[in-house]
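The values are calculated or read from the model by the stated rules, or taken from the named source; none is laboratory data. Since the structure is predicted, the reported quantities are computational estimates derived from the model, not experimental observations. Because the Cβ atoms are built from the backbone with ideal geometry, glycine has one as well, and the counts that use them run over all protein chains shown. Side chains are part of the model used for accessible areas, which takes the heavy atoms of the whole protein and leaves out ligands, DNA and RNA. Shrake-Rupley method; radii C 1.70, N 1.55, O 1.52, S 1.80 Å.
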Amino acid sequence: MTTILDGKSLSQTLRQEIAEEVAFFVAQTGITPCLAAILVGEDPASQVYVRNKERACANVGMKSVLFRLPAETTSEELLTLVEKLNHDATVHGILVQLPLPPQIDEKTILDAISPDKDVDAFHPANVGLILQGRPRFLPCTPFGIQEMLRRYGIETAGKHVVILGRSDIVGKPMGAMMVQRSQGADATVTICHSKTANLPAVTRLADILIVAIGRPRFVTAEMVKPGAVVVDVGINRTEEGLVGDVDFEAVKEVASAITPVPGGVGPLTITMLLGNTLKAARGI
């Protein structure tokens, strides 16, 4: 019988653990961890994400502050705010909600965030530390996937992990994390992308298949090795509602374990952000 990897219930468990750690930290230090979020423009999806992050912070006893900036904000204005927050001792984590308007260079902004407050783990210094196996923070979505595999007792050591997608947010850091000499890793890793030849033949090699390409129901049952673990990172809005990058109904008949969409990886992303913010408040 196929195991449904329930990210929603796991997220609730993890948030309870974080809430207990936050309460202990506040009692010991008198310091309340604080996440500052910056939202530029009126993108509806971004507004929902930021609102969920604010609610999540409150639920675990953290503070959050939201800076709403108009869509015509310049790079210089945004950099000024980031620099101010870098020097604000009451702010422990800084999050710039993506995407940003076209006149703002995302890399310039993300590079300006202090690595010690970069709770998304996008800064080049933090990416480098991940590659070296000594992370300051782990990027939230890959971190959530790794924790899910660990909590469900899915062995990764010696397994072939195939990652479909090479984004800086999921694909690349996921590969870097899974290849490390550490718990929840020690895997043989293949990263596939739009130029990969004979893609189905490669995905069928996976013991653990992680899909993050933003194409609705792209992965079919024929692309999955029987008994594989399938992690679907995709969230696609269609006329039928939210669907993942995996054809869930077909693939669940082949896989030994699979994440649903919604309710799989998504809830864990914000949860790991909370954990990173607590870590930042502790001074790493």
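Descriptive notes on the structure:
- Count of segment 224-280 residues which are farther than 27 Å from Ser64 by Cα, open to solvent by 40 Å² or more (accessible area, probe 1.4 Å) and at pLDDT below 95: 5
- Residues of segment 84-106 classified as under 18 Å from the mean Cα position of the chain (by Cα) and surrounded by fewer than 18 Cβ atoms within 10 Å (Cβ to Cβ), total: 3
- Residues of segment 129-162 that turn out to be closer than 24 Å to Asn198 by Cα and open to solvent by less than 10 Å² (accessible area, probe 1.4 Å), as a count: 2
- Of Arg68, Arg51, Arg55, all but one fail to be in contact with a Leu (Cβ under 6 Å, 6 or more places away or on another chain) and free of Cβ contacts under 8 Å to residues at least 40 places away in the same chain; the exception is Arg68.
- The one condition in (1) under 20 Å from Thr188 (Cα atoms); (2) of a type in the set (D, E, K, R); (3) open to solvent by less than 30 Å² (accessible area, probe 1.4 Å) that Lys117 fails to fulfil: (1)
- Residue that is most open to solvent (accessible area, probe 1.4 Å), among those in segment 26-47 that are in a helix (DSSP H, G or I) and within 20 Å of Glu106 (Cα to Cα): Pro44
- Across segment 98-156, the number of residues qualifying as under 24 Å from Asp43 (Cα atoms) and among the hydroxyl-bearing types (Ser, Thr, Tyr) comes to 2.
- Residue in segment 250-258 that is in contact with a Ser or Thr (Cβ under 8 Å, 6 or more places away or on another chain), over 25 Å from Phe137 (Cβ atoms) and of a type in the set (Val, Ile, Thr) present: yes
- Single condition Asn126 does not satisfy, out of (1) touching a residue at least 24 places away in the same chain (Cβ under 8 Å); (2) open to solvent by less than 10 Å² (accessible area, probe 1.4 Å): (1)
- The number of residues in segment 224-242 being of a type in the set (Val, Ile, Thr) and on the phi > 0 side of the Ramachandran plot comes to 0.
- Residue selected from segment 163-176 under the condition of a type in the set (A, V, I, L, M, F, W, C) and surrounded by fewer than 24 Cβ atoms within 10 Å (Cβ to Cβ), by the criterion modelled with the highest pLDDT: Ala176
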